[in-house]
């Protein structure tokens, strides 16, 4: 008789949580974010994973969810406002309601932080991050745009993310 689904999920979790954490950590470069993203992956697994599938399918699904979680993380981290106040014509300045002043100020601080980190990156690292996460190009499209191989684009992205994470932590510390 098969184990109940809950027991199967626990087996899947125990067998793969460390590998998923390492995969995510290698892409975000810091423990708190890696732990949060790993938790998000397994929370999604609790909600959506079909534990009756074969192990290779489950592992593939976990890595795909992890990849999406990392991409969402970096998109949020590097999201810049599309139009800044200094680019608005006179008379079109936004008027923030008092309850919106907090989030707007927080978004502005985040945008300045991202800009500061991007400015400190070497040009090729900045470019790969802009193409992948701001313009949302695929790795293949990014490689073509930069004139590098697919594998080189992946390596550049990995190194750029690591460098950005280190710079961001240095700014926080």
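Laboratory data are not the source of any read-out in this text; all were calculated from the coordinates shown. From a predicted model like this one, the values you see are computed outputs, not experimental measurements. Glycine gets a Cβ as well: all are built from the backbone with ideal geometry, and neighbour counts include every protein chain shown.
For the reader, a short list of remarks on this structure follows.
- Among residues of the range 14-26 that are more than 23 Å from residue 164 (Cα to Cα), those with a Cβ under 8 angstrom from a residue that is surrounded by fewer than 19 Cβ atoms within 10 Å (Cβ to Cβ), sequence gap 6+ or separate chain, pair up as 16/59.
- Scanning the range 18-30 for residues that are in a helix (DSSP H, G or I) and in contact with a helix residue (DSSP H, G or I) (Cβ under 7 Å, 6 or more places away or on another chain) turns up 20, 21, 23, 24, 25, 27, 28.
- Residues in the range 37-52 that are touching a helix residue (DSSP H, G or I) at 6+ places or on another chain (Cβ under 9 Å) and either surrounded by fewer than 14 Cβ atoms within 10 Å (Cβ to Cβ) or in contact (Cβ under 8 Å) with a residue 60 or more places away in the chain (or both): 4 in all.
- Filtered residues of the range 106-129 (kept if surrounded by 18 or more Cβ atoms within 10 Å (Cβ to Cβ) and more than 13 Å from residue 167 (Cα to Cα)): 128, 129
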